[in-house]
Every structure is written in structure tokens, then in C-alpha cells.
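Okay, so here's the structure we're looking at.
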Amino acid sequence: MVRVPESQRVRDALENAVIDGRYRPGERLDPAQLEEEFGCSRTPIREALQALERSGLVQIRPKRGTYVTELSIPELAERFEVMAELEGMAARLSARRIERESLEELERALRECEKHAAADDADSYYYANASFHGIVYDSCGNEYLRQQAHALKRVLQPYRRLQLRVPDRMRRSLTEHRVIADAIAVGDAETAENAARDHVLVQVKEFSHMVRTWKQVTEPATSSK
């Protein structure tokens, strides 16, 4: 199991609770209650909630508290479409510019993905997956693109984690990663770009289906009134 900071552990658990419907759209999150639930101090709770606000999963309202955001599928789909283009561009440029050391790091990240997929460990797979994509961004040789890709990836993190719950998604994700890595390794920019773009776009369809199902079994919380 990959070791993560306390605030990240809390964030991951809260993401799962929101997406599972345990915390419903519009519901207020009580920091004191969360401290008791997770057995930690206020600091990691505050850091986790701030991270979730950046991803759009919660809203922090001054003097009122923190509330679960009601998900909008069209808005999320638009963000995924932009992410797909950024991923494709980064992969295309990386195929032309990646250094040997970074290529070796990409292979190591891919092997980590393989290990966690074989163990059916979705959380650890996600972190190895994030490392894989981060190496592609960092190897593109375009600082502005690198920054934008990392920023949007942080926003979409909870939703990209969610789609790994789709049956057989980890195995297919791993296959897609291999195509991207192989194309980058041989300098095939066109294949790398198309594979990276498609790798994200397929998540839009799977995620949208999951969120529609989620919304059917949850109702906005009365506590938002």
C-alpha cells in the first residue's frame, strides 16, 4: 500500500463518502465531527477540505461552513474534454522531447500500475497512475502546458479516482498506458497524442454513467436550506 499524508488520507475518504452518497449534495460537513470520525487533528481536516474545494467537490462559505457541491455532469464533461486535449498535447510533445531518465521513470511508474492492478488495489493504482501522467506532463518541454495539465488534473482527481471503480477499468487503463508509453519511447508523436486523448475521453462516458446512477439514489440534503 502506498503511504500518503494524513490530509490526503482524509481527503480520499471524504471523496469516497461524497461520491458514495454518504454525504449528500448540499449537506454541511462539520469539522469537529470529521475530527472524531477520522481520529486526527483539525489541521489535516482543514487541508483536506481546502483540497476538495479546489476540486469543486465542496464549497467553503465564509461564516457558514463547508457544504457538499451538487455535481453537474455537463460541467465535468467539459473539463474532461479540455483535459483530454492537454493530455494529448503533452504526450505528443513528450514523444519528441523526453529524456532517457524520464523515460525510465515512466516505465517504473507503469510497472507500479501493473503491480497494483494485479492486486486489485484501486487507490494505490490511482497514485501510480497519477505519477505516470505527471511524468508525461513534466517531459513535454512546455512549462505553460505542464502547469495547466497539473492544475486541471488536481481539479479532476476525485472523478478520475471514481472511474477506476468501473469493472475491468484498471486493466483497460493499464493497456492504454502501455500504448502511450510505447509510442513515447519510439518517438511516435501522433500515436502518443491520440492514445493519451482517447485515454481521457473514455473516462467521460464511464464517469457520466456512474454519476447519473449516483444522482438517482441520492437526494439533496435538507440541511442546505
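Per-structure values
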read-out: Principal axis box of segment 16-91, alpha-carbon based, largest edge first, Å; value: 44, 25, 24
read-out: Under 5 Å, built H, 5+ apart or other chain: amide partners of VAL58; value: GLU53, THR69
read-out: Packing-based exposure ordering (other Cβ within 10 Å, fewest first) of ARG61, ARG197, ARG178; value: ARG61, ARG178, ARG197
read-out: Sorted by Cβ neighbour density within 10 Å, fewest at the top, the residues MET83, MET89; value: MET89, MET83
read-out: In degrees, nearest ten, helix 143-162 long axis to first principal axis of the chain (Cα); value: 50
read-out: Ranked list, fewest to most other Cβ atoms within 10 Å of each Cβ, for LEU106, LEU57, LEU76; value: LEU76, LEU57, LEU106
read-out: Taking the chain and dividing mean pair separation by its residue count, relative contact order in percent (alpha carbons under 8 Å, at least six apart); value: 30
read-out: Cα-based helix-to-principal-axis angle, 42-55 vs the chain, degrees rounded to 10; value: 60
read-out: Stokes-Einstein D in µm²/s, Kirkwood radius over Cα pairs - segment 133-208 at 20 °C with 1.002 mPa s viscosity; value: 162
read-out: Low-density loop positions, trypsin sites (Lys or Arg not before Pro), segment 25-100 - DSSP coil, at most 12 other Cβ in 10 Å; value: LYS63, ARG64
read-out: With Cα atoms, 0 to 90° folded angle of helix 100-118 axis to the chain main axis; value: 50
read-out: Where GluC sites (Glu not before Pro) fall in DSSP loop in segment 9-80, at most 14 other Cβ within 10 Å; value: GLU70
read-out: Highest-fluctuation residue, GLN148, GLN157, GLN33 considered, GNM on the chain with Cα pairs under 10 Å; value: GLN33
read-out: Taking the C-alpha atoms of the chain, convex hull volume expressed per residue in Å³; value: 126
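Values in this text are rule-based calculations from the coordinates and carry no lab data. All values reported here derive from a predicted model rather than from experimental measurement. No Cβ is skipped: glycine too gets one built from the backbone with ideal geometry, and neighbour counts run over all protein chains shown.
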